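Worksheet: the structure to be examined is printed underneath.
The values are calculated or read from the model by the stated rules, or taken from the named source; none is laboratory data. This one's a predicted model, so the numbers in the text were calculated from it and none came from an experiment. Cβ placement follows ideal geometry from the backbone for every residue including glycine, while neighbour counts extend to all protein chains displayed. Accessible surface is based on the protein model in full, side chains and every heavy atom, while ligands, DNA and RNA are left aside. Shrake-Rupley method; radii C 1.70, N 1.55, O 1.52, S 1.80 Å.
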Amino acid sequence: LGSVVAYFTSAKFLLYLGHALSTWGDRMWHFAVSVFLVELYGNSLLLTAVYGLVVAGSVLLLGALIGDWVDKNSRLKVAQTSLIVQNSSVILCGVILMIIFLFKTQLLTLYHGWLLTLCYILVITIANIANLASTATAITIQRDWIVVVAGEDRSKLADMNATIRRIDQLTNILAPMAVGQIMTFGSPMIGCGFISGWNLMSMCVEYLLLWKVYQKTPTLARKAAKVEASELKQLNVKKESDVKPAEGVQLIIEKDVSGFEPQQEKEVGCAARIAEPFITFRDGWVAYYNQPVFLAGMGLAFLYMTVLGFDCITTGYAYTQGLSGSVLSLLMGASAVTGIMGTVAFTWLRRKCGLIRTGLISGVAQFACLILCAISVFMPGSPMDLTVSPFADISARLFENEPLPTIASPEPEMIFATGMPNLLNGSIAPADSNPEMSPEPVPLISVSLLFAGVIAARVGLWSFDLTVTQLLQENVIESERGIINGVQNSMNYLLDLLHFIMVILAPNPEAFGLLVLISVSFVAMGHIMYFRFAQKSLGKQLFVCHTPDPKAAPDSSPPGNTSTV
């Protein structure tokens with residue numbers, strides 16, 4: 001009984017609990033805001049698309065600056081500030097949306113509708129601030145706090161990373177379903193009120209949990225000194241022979257951040273203050289490029305350039321192929337199960353083969369499953385026809401003054417979680433829902449193979465994601481964790497943005513097969529980058545699988561590792 005009580009009061013469990021509350025609120029909000037924007041703008045995806053573009057662009061541009069801010073301030077201050085900003089922004093957004101839902105008719109008539117437009121801009125801006133704060137929270141908790149709480153035990157760090165991912169997988173499914181039911185049986189306004197109330201309560205509990213974790217882990221109060229840019233450059237370009245591989249996750253330079261003394265008391269000019277963010281942006285990307293795990297991080301980022309996931313693009317395509325919302329909900333549940341299996345596989349493989357080889361095995365498993373997706377392009381039922389112009393339907397509708405079709409839902413969970421098909425234009429309804437327009441059923445061989453590959457590949461995907469995450473945790477020096485992980489987030493968003501641009505250039509179902517082949521190619525390139533990283537790190541020992549010491553795990557630190565200074 002004593003051990004059970006000790007576990008439930010440990011810093012590790014409190015960190016899990018805080019992350020679960022934070023992730024639950026995040027998933028509810030990200031799902032609901034897309035539904036709200038569609039509902040407000042006459043069942044159009046325009047506002048949702050603008051919101052997605054603003055979020056991606058902001059993290060892409062500001063990721064390094066956010067990471068630099070995380071590095072320069074004490075852990076508790078960063079965690080508390082980002083928590084308060086994130087939750088306060090969501091609460092404020094919820095209140096504004098409630099006002100819009102209540103007084104939309106009146107707002108339309110005031111100032112020729114410009115006041116309503118201003119409200120839309122305000123909602124998207126504040127929601128974007130909430131997302132940036134969420135990014136800061138993810139960097140500081142998942143990339144820094146968790147490393148310190150785990151101490152020098154890398155097996156404990158791997159288990160904690162896997163548990164965090166399992167929490168993510170469960171909340172990805174359950175949170176949208178919960179808020180979707182509230183919105184379905186209540187109203188969007190009730191949904192806004194519920195989310196605002198949840199975030200207010202969650203903010204107080206999370207604040208208390210952070211303080212408890214901070215008290216139970218004294219090393220969180222000590223943080224590595226921020227190294228100057230010139231020193232970072234020297235560290236990053238050190239020869240492999242000058243640096244020994246790390247023997248464990250360790251604190252680099254023990255200093256209390258709160259006790260930092262400014263090295264320069266000189267007056268900073270206006271021009272220097274203006275240039276500082278740009279210099280930080282440049283230095284962050286240069287430092288990222290010079291990291292020993294650069295190729296591994298790039299390999300992970302390339303996996304974001306894909307339509308082979310349960311996002312709005314693939315969901316819309318599935319609808320054109322005749323899959324119903326209930327079938328998609330089951331497929332999504334299966335993908336969550338295989339994702340959790342991936343976290344289990346990660347911890348087992350790491351114990352048996354070491355961290356770097358786990359990434360190799362995971363990459364091979366993911367790519368092998370995605371071969372099914374490539375094969376599906378050429379199977380019966382595949383609509384691929386590259387002779388069809390991607391914009392033929394759009395241009396025809398423009399000339400005939402017909403409304404443009406909505407080809408995808410803003411969130412995949414919306415279809416089964418909210419039960420609100422009225423939000424979607426009928427042009428993406430399943431083929432069997434309108435027999436007059438689709439007299440012949442579409443063969444399901446192609447789409448079945450597609451989703452079989454996508455679902456099976458998630459075992460390798462999540463195992464690979466955990467591998468790269470831990471490589472970044474172990475091999476980036478403490479004073480650079482924030483900025484390096486900020487740049488990694490920016491790189492992920494950049495490739496994600498490119499995949500949406502790719503869909504914009506080829507939006508019709510006939511071109512989706514080409515998008516699948518391009519996606520498989522980018523996944524292959526990502527794993528080739530990781531293979532090159534592994535080859536440089538392990539050399540001739542690359543294919544020699546052995547059971548490593550869980551604490552030393554020498555093969556998880558590549559030559560040239562700068563985590564021991």
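The table for this structure:
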| read-out | value |
| --- | --- |
| Selection count where residues are open to solvent by less than 60 Å² (accessible area, probe 1.4 Å) and over 20 Å from CYS204 (Cα atoms), scope region 1-38 | 11 |
| Scope region 477-490; condition more than 15 Å from the chain's Cα centre (by Cα) and either polar (S, T, N, Q) or closer than 18 Å to PHE281 by Cβ (or both); matching residues | SER479, GLU480, ARG481, GLY482, ILE483, ILE484 |
| Unmet requirement for ARG75, which otherwise passes all of (1) farther than 26 Å from LEU107 by Cβ; (2) within 21 Å of the chain's Cα centre (by Cα) | (2) |
| Cross-chain or 6+ apart pairs with Cβ under 9 Å, region 199-223 first and within 12 Å of ALA79 (Cα to Cα), then open to solvent by 30 Å² or more (accessible area, probe 1.4 Å) and of a type in the set (Val, Ile, Thr) | MET203/ILE84; MET203/ILE91; TYR207/ILE84 |
| Scope region 23-41; condition of a type in the set (S, T, N, Q) and more than 13 Å from ALA127 (Cβ to Cβ); matching residues | THR23 |
| Residues of region 135-160 satisfying the condition of being open to solvent by 10 Å² or more (accessible area, probe 1.4 Å) and over 19 Å from VAL78 (Cβ atoms) | GLY151, GLU152, ASP153, SER155, LYS156, ASP159 |
| Search result, residues across region 89-119 that are open to solvent by less than 20 Å² (accessible area, probe 1.4 Å) and either under 22 Å from the mean Cα position of the chain (by Cα) or under 13 Å from PHE36 (Cα atoms) (or both) | SER89, VAL90, CYS93, GLY94, LEU97, ILE100 |
| Region 275-300 residues that are over 17 Å from LEU495 (Cβ atoms) and modelled with pLDDT under 95, paired with ones that are surrounded by fewer than 17 Cβ atoms within 10 Å (Cβ to Cβ) and of a type in the set (A, V, I, L, M) (beta carbon under 8 Å, 6 or more apart) | ILE279/ALA229; PHE281/LEU61; ASP283/ALA229; ASN290/VAL237 |
| Yes/no for TYR304 being within 15 Å of ASN492 (Cα to Cα) and of a type outside the set (A, V, I, L, M) | yes |
| Which numbered condition GLN86 fails, given (1) open to solvent by 20 Å² or more (accessible area, probe 1.4 Å); (2) under 30 Å from PHE500 (Cα atoms); (3) among the polar types (S, T, N, Q) | (1) |
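This table checks each residue for (1) over 26 Å from LEU372 (Cβ atoms); (2) modelled with pLDDT under 85; (3) not small (Gly, Ala, Ser).
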residue: GLY486; (1), (2), (3): yes, no, no
residue: LEU494; (1), (2), (3): yes, no, yes
residue: MET502; (1), (2), (3): no, no, yes
residue: GLY513; (1), (2), (3): no, no, no
residue: LEU517; (1), (2), (3): no, no, yes
residue: ALA534; (1), (2), (3): no, no, no
residue: PRO558; (1), (2), (3): yes, yes, yes
residue: ASN561; (1), (2), (3): yes, yes, yes
